[in-house]
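The values are calculated or read from the model by the stated rules, or taken from the named source; none is laboratory data. Predicted model only: the values in this text are computed from it and were never measured. Using ideal geometry, Cβ is built from the backbone for each residue, glycine included, and neighbour counts are taken over all protein chains shown. Accessible surface is based on the protein model in full, side chains and every heavy atom, while ligands, DNA and RNA are left aside. Shrake-Rupley method; radii C 1.70, N 1.55, O 1.52, S 1.80 Å.
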Amino acid sequence: MAYNGYLIKVGDYKIPLSYISAESYSVYKNTQDLDSYRDGDGVLHRTALEHTPNKVEFDTRNMLTNTDLTNLLNAIQENFTVKSERKARVTLYIPETDSYETQNMYMPDFQPEMYIATEKYIKYKPIRLAFIGY
């Protein structure tokens, strides 16, 4: 399936492109071998695994408000399958294949940094979010 209007979907929640800094979107499509070896002539014999965990990272756009960030995080958290692990079924766009892949992934820790805080709102610097496959 070619690009279908979104970059990442957590459960049923398509993260709006308006929250993603597109130039920061990065997908690591992993390849792994099992018991690969070189023979006596130096020829590599590979056993590439079918299932390999992917990783996706992106920055939120600059100056998300506290309301924007709360809406984004609440929608992601509502789609966790195991909340204590921040585990979810995540579908991500893979530029290498112009297709989507769905895997069980977890969202590692992240650190929001404020740009400004007033009596009425908070605005954040870009926040690096990631999902890592199992």
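Assorted remarks:
- Neighbour cut-off at most 10 other Cβ (10 Å), DSSP loop, trypsin sites (Lys or Arg not before Pro), the range 83-130: Lys120
- For the chain, the fraction of 1.4 Å probe accessible surface lying on carbon and sulfur atoms is 47 percent.
- In order along the range 98-107, the phi-based Karplus estimate (6.51 cos²θ - 1.76 cosθ + 1.60, θ = phi - 60°) of 3J(HN,Hα) comes to 6, 8, 10, 10, 10, 9, 6, 9, 10, 9 Hz; Gly and Pro are listed as x.
- Length-normalised contact order for the range 14-134 - Cα pairs under 8 Å, 6+ apart - percent: 27
- Karplus-based coupling profile of the range 89-97, in residue order and whole Hz: 8, 10, 10, 10, 7, 10, x, 4, 10, with θ = phi - 60° in 6.51 cos²θ - 1.76 cosθ + 1.60 and x standing for Gly or Pro.
- Lysine pairs meeting the criterion (Cα under 24 Å, 8 or more apart or interchain), as found in the chain: 16
- Nonlocal amide H pairs with Ile127, under 5 Å, H built at 1.01 Å: Thr60
- In order along the range 118-134, the Karplus-derived 3J(HN,Hα) couplings, from 6.51 cos²θ - 1.76 cosθ + 1.60 at θ = phi - 60°, round to 10, 5, 10, 7, 10, 10, 10, 5, x, 10, 7, 10, 9, 9, 10, x, 8 Hz, and Gly and Pro are given as x.
- Remark: spin-label model distance Leu17-Thr65 equals 2.3 nm, labels positioned 7 Å along the Cα→Cβ axis.
- Loop-located GluC sites (Glu not before Pro) in the range 57-134, at most 13 other Cβ atoms within 10 Å (DSSP): Glu78, Glu96, Glu113, Glu119
- Taking a sphere under 13 Å around the Cβ of Ile122 and counting the other residues whose Cβ falls inside, with K and R at +1 and D and E at -1, yields a net charge of 0.
- Probe 1.4 Å, protein heavy atoms only - accessible area per residue of the chain in square angstrom: 62
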